[in-house]
Amino acid sequence: MERIPFHRPLITGREVEFLEEVFARGQFGGDGHFTGLAESLLRELTGANSVLLTSSCTAALAMSALLLELGPGDDVIMPAWTFPSTASAFMATGARPVFVDIAPDTLCLSLPEVIRAITPRTKAIVVVHYGGGMADIAELIDIAKERKLHVIEDAAQSLLTTQDSRHAGTFGDLGAISFHSTKNIHCGEGGALLVNNPALQERAEWMRNKGTNRRDFLKGKVHQYEWRTVFAPSMPSELSAAFLCAQLETVQEVTETRRAIWVRYDAEIGQHLKKAGINTLSANKTTQHNGHMYPLLMQDSVARKNFCAQLASRGIEVTGHYLPLHRSPAGKGLSSKKLPITDHVADGIVRLPLWPGLSSQAVDRIIDAVRDTTAIQRIKTR
Ligand SMILES: *Cc1c(COP(=O)(O)O)cnc(C)c1O
């Protein structure tokens, strides 16, 4: 029985060709041909006005904290149901994360909880578009505007996810995307910052260029470049950018393939799971997700352990994830507030394998295994 891994990093087949072109061109440092190409492809794909390629999504988030000058005395509202970088990036400049619970339908920030958490110290809201879905972003932007708060979108997992045809990452002042090898498309380690607030544009370029206006120099606008601001460690090399370009060429196709697997899971096991008392994500009706993940919410950690063990015995690797930030060693002291939905999701979530190379026979095997396993489970919980 062949093992089905949870994830396999995408390889499109043209990466080496693009890397050879970097050798031929001879520019290896950042902000060259492929950096520009990746940025313009990303602008076209997302409709963003300004895109800066970065060395990771973490770097893009760290740039956001510096660009918005968030520091000691400033509170930043965010979910605890996320990857640590969401919080670390803002703590690094001295700001304080304020964890808020998530909504059970999207697993993204709960808007009533956001409103309740706002105080005079609040300066910004970081919204995480979880799992390739999207938060109720238009409403969140209204809440923030009314109170003059900045919005940063952690769209690490949500490239090409849209709500009312507008792309994740293009609503807030800034949006951060990840090209880590665990995401839909990747370059090993990489990311992008979408700069939607034009007032931040120039400093964002300087910061990405190690605090200098080297980009103006490369464009021939100035005859020597100067130190203009503090830097954020964020410039990717042309090697990363070239690899990413080979992936960006195929991103629409890759997203469609992922969505098709997601749709199969939902059609063939969604109802079945609900009858067994296991929820799946019901995305906001106006959201078109990017097929990043198909999560199941088991009743508790015991049910999850049983479920994962049974799938593992059939050669299928499924995983939970995120020790939520308020329960992590570095985040424990930050918040005394209860986050019941975050806790429940963290204990019960399971993610099924979902990647474009998954054959339809493999998907059949996963669907069969989930059906058999949940049937057993239902008998047990009665
Ligand atoms: C993957 C991820 C990150 C970090 O991305 P890197 O590119 O690895 O820095 C941040 N936030 C979320 C929600 C993620 O899923």
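The values are calculated or read from the model by the stated rules, or taken from the named source; none is laboratory data. Source: prediction; values computed, not measured. When we count neighbours, we look across all protein chains shown, and the Cβ atoms used for this are built from the backbone with ideal geometry, even at glycine. Calculation scope for accessible area: heavy atoms of the full protein, side chains included, ligands and nucleic acids excluded. Shrake-Rupley method; radii C 1.70, N 1.55, O 1.52, S 1.80 Å.
Every residue, every condition in (1) in a helix (DSSP H, G or I); (2) in contact (Cβ under 8 Å) with a residue 12 or more places away in the chain; (3) touching a Phe, Trp or Tyr at 6+ places or on another chain (Cβ under 7 Å), yes or no:
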residue	(1), (2), (3)
Val254	yes, yes, no
Thr257	yes, yes, no
Arg264	yes, yes, no
Ile269	yes, yes, no
Lys274	yes, no, no
Met293	no, yes, no
Asn306	yes, yes, no
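Working only within the range 52-77, note down all residues that are closer than 17 Å to Ala168 by Cβ and either surrounded by fewer than 24 Cβ atoms within 10 Å (Cβ to Cβ) or of a type outside the set (A, V, I, L, M) (or both).
Thr54, Cys57, Ser64
Output the number of the condition that Asp142 fails; it satisfies all remaining conditions of (1) without any contact (Cβ under 8 Å) to a residue 40 or more places away in the chain; (2) open to solvent by 10 Å² or more (accessible area, probe 1.4 Å); (3) part of a loop (DSSP other than H, G, I, E, B).
Failing condition for Asp142: (3).
Check Leu296, Leu323, Leu334, Leu354 and return the single one that is closer than 29 Å to Ser181 by Cα, touching a helix residue (DSSP H, G or I) at 6+ places or on another chain (Cβ under 9 Å), among the hydrophobic types (A, V, I, L, M, F, W, C) and surrounded by fewer than 20 Cβ atoms within 10 Å (Cβ to Cβ).
On the way: Leu296 fails: surrounded by fewer than 20 Cβ atoms within 10 Å (Cβ to Cβ); Leu334 fails: closer than 29 Å to Ser181 by Cα; Leu354 fails: surrounded by fewer than 20 Cβ atoms within 10 Å (Cβ to Cβ).
Exactly one residue qualifies, and that residue is Leu323.
Just to be sure, is Leu70 over 24 Å from Leu323 (Cα atoms), more than 12 Å from the ligand (Cβ to nearest atom) and in a strand (DSSP E or B)?
Values: over 24 Å from Leu323 (Cα atoms): yes; more than 12 Å from the ligand (Cβ to nearest atom): yes; in a strand (DSSP E or B): no.
Taking the combined requirement at face value, the residue does not satisfy it.
As an exercise: evaluate Thr119 against (1) within 16 Å of the ligand (Cβ to nearest atom); (2) without any contact (Cβ under 8 Å) to a residue 60 or more places away in the chain; (3) part of a loop (DSSP other than H, G, I, E, B) and give the number of the one condition it does not meet.
Of (1) within 16 Å of the ligand (Cβ to nearest atom); (2) without any contact (Cβ under 8 Å) to a residue 60 or more places away in the chain; (3) part of a loop (DSSP other than H, G, I, E, B), only one is false for Thr119: (1).
What is the residue count in the range 151-192 for residues that are open to solvent by 10 Å² or more (accessible area, probe 1.4 Å) and of a type in the set (A, V, I, L, M, F, W, C)?
5
Determine which single condition Ile4 fails, assuming it passes every other condition in (1) in contact with a strand residue (DSSP E or B) (Cβ under 8 Å, 6 or more places away or on another chain); (2) within 16 Å of the ligand (Cβ to nearest atom).
With respect to (1) in contact with a strand residue (DSSP E or B) (Cβ under 8 Å, 6 or more places away or on another chain); (2) within 16 Å of the ligand (Cβ to nearest atom), Ile4 is out only on (2).
Quick one: which of Phe90, Phe171 is without any contact (Cβ under 8 Å) to a residue 60 or more places away in the chain and assigned to a helix (DSSP H, G or I)?
Values: Phe171 fails: assigned to a helix (DSSP H, G or I).
That would be Phe90, the only listed residue that is without any contact (Cβ under 8 Å) to a residue 60 or more places away in the chain and assigned to a helix (DSSP H, G or I).
Could you tell me whether any residue of the range 185-195 is within 16 Å of the ligand (Cβ to nearest atom) and of a type in the set (Asp, Glu)? Please lay out each step first, then the result.
Here is the first cut: in the range 185-195, the ones within 16 Å of the ligand (Cβ to nearest atom) are 185-194.
Next, from what is left, pick out any that are of a type in the set (Asp, Glu): 189.
Checked the range 185-195: at least one residue is within 16 Å of the ligand (Cβ to nearest atom) and of a type in the set (Asp, Glu).
Of all residues in the range 196-218, count the ones that are within 23 Å of the chain's Cα centre (by Cα), crowded, with 23+ Cβ neighbours inside 10 Å and more than 16 Å from the ligand (Cβ to nearest atom).
2
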